[in-house]
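Student: Please read through the structure below; I'll follow up with questions.
Only the coordinates and a few stated rules stand behind these numbers; no lab work does. What you are looking at is a predicted structure, and each value in this text was computed from that prediction instead of being measured. Note that each Cβ is placed from the backbone with ideal geometry, even for glycine, and that neighbours are counted across all protein chains shown.
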Amino acid sequence: MDQAENVDCTYHVHSSYNLEPVGRPSQQDVIPISALGPVLIASPHPDDETLGCGGLIARCAEITCPVSVLSMTNGEGSHPGDKAWEENLGNIRKLEQHSALETLGLKKPDIISLALSDGGLEQLKGEMYKRVVAVIQDVMQSRRIRTVFVPAIDDCHADHRQTAHFLFEAVSKFPKMHFFSYQIWPPAVRSAQVTASEMSYCLNISDIVCVKRRAIHQHQSQLNPINTAHAEGFRMPPKLIKEKLKAYESYALVRDLPAWCSQ
Ligand SMILES: [Zn+2]
């Protein structure tokens, strides 16, 4: 796994500092990362930002493009236990996330932790839902966010899909916001309506795969048994890690947000 795999973008990569359109040899569709900032990455659980966008975060750090991470939950549900244990685990995962972002090059990672219930985002309705949207809008406003990266709307994990819904709702106040998605747990078959509303991009990270690997390894609680009492909890599947350590990261620019989000 130490060897970066070959880039399989169908479009020749001009620069490691551009999001390159996949399958469309048109220079005008190329998006320099420097044009995206300030960037907000919405992460349902501490580690999604590293797995999905670690290379992008490292590039932003390199060129001092401001990047903030909106951490929806503390990920305390990965190894279920009593309340005290889960609070402790949530704190461990927050520290792991901080270390991962430092490893990616952010000197003082800007992490906004909403500490919502892991596994419970879909249950947030009515006033609570509106309150979360308002908090996200405040974050966007205070940091003058221009681009958001959110999990795919058809991700298999409900917290991931709901994170996308929250961000969709929040950007209604910011009509000029660029909206990208990244995929962690893809569905067996992607919906035609979703893919029709997106444009695929890739980012060459072949020279920094090793940095991303080190960052993923900061999430130790998700890689190895934490202790014998919680040996049965979640572990990142090797297949997922391999997928996320390819020489490029995949993103989709969402062109038709209402169509994308009506899934
Ligand atoms: Zn997740």
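Student: Taking each pair of distinct Cα atoms in the chain once, what is the resulting Kirkwood hydrodynamic radius in Å?
Tutor: 18.6
Student: I want to verify a result. In a Gaussian network model of the chain, Cα cutoff 10 Å, which of these has the top mean-square fluctuation: G90, G55, G81?
Tutor: G81
Student: Can you sort C53, C156 from fewest to most other Cβ atoms within 10 Å of each residue's own Cβ?
Tutor: Ordered from fewest to most neighbouring Cβ atoms within 10 Å, C53, C156 come out as C156, C53.
Student: Please list, ordered by chain and number, the residues whose modelled amide H lies under 5 Å from the amide H of Y201; skip anything fewer than 5 residues away on the same chain.
Tutor: V22, Y251, A252, L253
Student: Rounded to the nearest 0.05, what FRET efficiency do D207 and K108 have when you use their Cβ-Cβ distance and R0 = 22 Å? If you can, show how the numbers build up before the last one.
Tutor: Values: r = 24 Å, r/R0 = 1.10.
E(calc), rounded to 0.05, equals 0.35.
Student: Using only the alpha carbons of segment 35-166, what is the convex hull's orientation-averaged projected area in square nanometres?
Tutor: If you wrap the Cα atoms of segment 35-166 in a convex hull and average its projections, you get 8.0 nm².
Student: Highest GNM mean-square fluctuation, the chain, Cα pairs closer than 10 Å: which of T228, T73, T50?
Tutor: Top of the fluctuation ranking is T228.
Student: Would you mind telling me which residue in H230, H219, H45 has the biggest mean-square fluctuation in a Gaussian network model of the chain, where springs connect alpha carbons within a distance under 10 angstrom?
Tutor: H230
Student: Applying the Karplus parametrisation 6.51 cos²θ - 1.76 cosθ + 1.60 with θ = phi - 60° to the phi angles of segment 110-119, what ³J(HN,Hα) value in whole Hz is obtained for each residue in order, glycine and proline being reported as x?
Tutor: 8, 10, 9, 9, 7, 6, 6, 6, 4, x
Student: Is it possible to state the helix-based mean residue ellipticity at 222 nm for the chain, with each DSSP H run of 4+ residues giving -39500 (n - 2.57), the sum divided by total residues, to the nearest 500 deg cm²/dmol? What is it? Please report the intermediate quantities before stating the final value.
Tutor: Values: 8 runs with 91 residues, N = 263.
-10500 deg cm²/dmol, from helical runs alone.
Student: Same structure, new question: With a cut-off of 8 Å between alpha carbons and a minimum separation of six or more residues, what is the relative contact order of the chain in percent?
Tutor: 26
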